[in-house]
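Presented below is the structure to which this report refers.
The values are calculated or read from the model by the stated rules, or taken from the named source; none is laboratory data. Small disclaimer: the values here were computed from a predicted structure and weren't measured. Heads up, the Cβs are rebuilt from the backbone with ideal geometry, glycines too, and the neighbour counts pull from every protein chain shown.
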Amino acid sequence: MVLPFTSEQFLDVFRQYNTSIWPLQCLLTATALVALVFAVRGRSGRVVAFCLAGQWAWTGIVYHWLFFVKINPAGWLFGALWVVGAVAFAWNGLGGRVLPFRATQRARLVIGWSLVAYALVLYPILGRLDGRVYPFAPTYGAPCPVTIATLGLLWFARPPVPRYLVIGPVVWAAIGSAAAFTLGVREDLGLLVAGLSGVVLLLPGVGHHAIGAP
């Protein structure tokens, strides 16, 4: 994949982004933790949906439209994808058929916990080991960790999982993982696993029925 910017320019976007929004990265991480608690305990699907809607709106408007677009005009299109995703989660939170959480199947729980832990804990550690330190490193609120966490949270949901909530994260997983090879951001390769898990969620009998159910 030929990109219209260098890896140095890409990392400098994170420098500009991180220094401009500090300490809002902490708030974004907190919303992810709130969503995780509500998803695991099955307290309120609306809270999870609104947390994800806010994260997707932030990533589309702030990261893509205010920062990433400076080095890649495709940022306008990418931001639009994220805003549409935000609308999808907000619609689910406001609608009558709110996504129910607190899955009980072991496979769903393992996948969900693994993806969320990767996005919030392992992702920044891998970046640090690879030499990407703050502020030249993706923080939570950047597209890739949000995508991985989103797909992880959807695995905590009880089926049926609406396909319109899964398509956006799967599309970005494909885009982001392809760029990861070119830019050498190895922690973004977790998008491959997350994206494949999203494809599985889209399959009949998985996203719409309990795994292992007769």
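For (1) over 14 Å from F50 (Cα atoms); (2) surrounded by 22 or more Cβ atoms within 10 Å (Cβ to Cβ), each residue gets a yes or a no:
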site	(1), (2)
L77	yes, no
A80	yes, no
V98	no, no
V121	yes, no
I148	yes, yes
Q. Which of the residues spanning the range 106-119 are crowded, with 20+ Cβ neighbours inside 10 Å and either farther than 23 Å from V170 by Cβ or without any contact (Cβ under 8 Å) to a residue 12 or more places away in the chain (or both)?
A. none
(Q) If I go through the range 6-45 residue by residue, how many of them are within 20 Å of C144 (Cβ to Cβ), β-branched (V, I, T) and either surrounded by 14 or more Cβ atoms within 10 Å (Cβ to Cβ) or in contact with a strand residue (DSSP E or B) (Cβ under 9 Å, 6 or more places away or on another chain) (or both)? (A) 4
Q | Residue in the range 57-71 that is at pLDDT below 95, among the basic types (K, R) and either out of contact with any helix residue (DSSP H, G or I) (no Cβ under 6 Å at 6 or more places or on another chain) or buried (at least 22 other Cβ atoms within 10 Å of the Cβ) (or both) present | A | no
Q.
Can you tell me how many residues within the range 166-194 are touching a helix residue (DSSP H, G or I) at 6+ places or on another chain (Cβ under 6 Å) and closer than 23 Å to A90 by Cβ?
A. 8
Q | For L3: the one exception among (1) hydrophobic (A, V, I, L, M, F, W, C); (2) crowded, with 17+ Cβ neighbours inside 10 Å; (3) touching a helix residue (DSSP H, G or I) at 6+ places or on another chain (Cβ under 7 Å) | A | (2)
